[in-house]
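Undergrad: If you scroll down you'll find the structure; I have some questions about it.
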Amino acid sequence: MILNKDQFGTLFVEFRKSATRIETLPVYSVEEEREQFEHYLSGEPLPADRNGAWADNIRACVADGRYMGRVHIIDHVLTPYLQFEIDWYYAINGAAGEDIRFIYREDVPDLTFTDTWLFDDAVVVDLGYTAEGELLYINQNDDPGRLVQARAAWQEFHSRSFPLSCLLARIRSNELALPHC
């Protein structure tokens, strides 16, 4: 079932136990964040209140005992977009309580996966993107076989991944290349 953005957004408020994400792309081209990305690339100081509403939602969910987490597939050279995501979103989301993790592309398990949100280990929402990262669709996939795949993917990705704090340490120690934005 194709979801509109409002239907999709409701899932982030109404989930009871967990909301987990696998992110597969090095760049997402999201119209709603284009202005923020341009601001980031300009080198201007980041607004202290960036991503505030989403961070408030994370805090409320975590305070209520719910888990929010994601694993993002990365390469050893971070794209400017991933640098933006880390500084603009992940730093704020992680501080609010989201478990943000990464896996190197060569460590990705050999199983079926896609860009996916999995809510309460029961509701699969697949996100389709172009190669350039433009969103094509948001699909709540009710196929029981797809649920089995999504659960297995999340478990494997999570078990092989490392946390945001380790990624930041690798960046500081120059283990990861950061091209100039």
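Undergrad: List, in order, the whole-Hz ³J(HN,Hα) value for each residue of segment 147-152 obtained from phi through the Karplus relation with A = 6.51, B = -1.76, C = 1.60 and θ = phi - 60°; use x for Gly and Pro.
TA: For segment 147-152, the Karplus curve yields 4, 4, 4, 5, 4, 4 Hz.
Undergrad: Could you work out the helix-only [θ] at 222 nm for the chain, with each DSSP H run of four or more residues adding -39,500 (n - 2.57) and the total divided by the number of residues, to the nearest 500 deg cm²/dmol?
TA: Numbers: 7 runs with 68 residues, N = 181.
Using -39500 (n - 2.57) per qualifying helix, the result is -11000 deg cm²/dmol.
Undergrad: For the chain, what is the charge dipole size about the Cα centre, in debye to the nearest 20, if Lys and Arg each add +1 at the Cβ and Asp and Glu each add -1 at the Cβ? Mind showing how you got there, number by number?
TA: Numbers: 16 positive and 30 negative charges, 120 e Å.
In debye, rounded to 20, the chain gives about 580.
Undergrad: Now for a separate question. Given charges of +1 on the Cβ of Lys and Arg and -1 on the Cβ of Asp and Glu, with all other atoms neutral, how large is the dipole of segment 1-70 about its Cα centre, in debye to the nearest 20? Present the calculation step by step, with values, prior to reporting the outcome.
TA: Details: 9 positive and 12 negative charges, 105 e Å.
My answer is approximately 500 debye.
Undergrad: Taking H as built 1.01 Å from N, whose amide H comes closer than 5 Å to the amide H of residue 23, not counting residues under 5 places away?
TA: It is 71, 72, 73, by chain and number.
Undergrad: Using a Förster radius of 35 Å, what is the FRET efficiency between residue 53 and residue 122 based on their Cβ-Cβ separation? Nearest 0.05, please.
TA: Working: r = 26 Å, r/R0 = 0.74.
Calculated value: 0.85.
Undergrad: How many nm is it between the label spots at residue 174 and residue 5, if each spot is 7 Å from the Cα in line with the beta carbon?
TA: 4.2 nm
Undergrad: Please give the FRET efficiency for residue 30 paired with residue 162, using the beta carbon to beta carbon distance and R0 = 41 Å, rounded to the nearest 0.05. Let's see the in-between values first.
TA: On the way: r = 25 Å, r/R0 = 0.61.
Step by step, r from the Cβ atoms, then E = 0.95.
Undergrad: Follow-up question, since we're still on this one. State, to one decimal in nm, how far the label point of residue 63 lies from the label point of residue 152, with both points 7 Å from Cα in the Cβ direction.
TA: 4.0 nm
Undergrad: Choose one of 127, 108, 77: the residue whose Cα lies farthest towards the positive end of the charge dipole of segment 67-148 (beta-carbon charges +1 Lys, Arg; -1 Asp, Glu; about the Cα centre).
TA: Going by the Cα projections, it comes out as 77.
Undergrad: Could you tell me how many degrees, from 0 to 90 and to the nearest 10, lie between the Cα long axis of helix 5-14 and the main elongation axis, the longest principal axis, of the Cα atoms of the chain?
TA: 80 degrees
The numbers here are math on the coordinates, done by the rules we state, and not lab data. Values in this document were obtained by computation on a predicted structure and should not be read as measured data. Cβ: placed from backbone, ideal geometry, glycine included. Neighbour counts: every protein chain shown.
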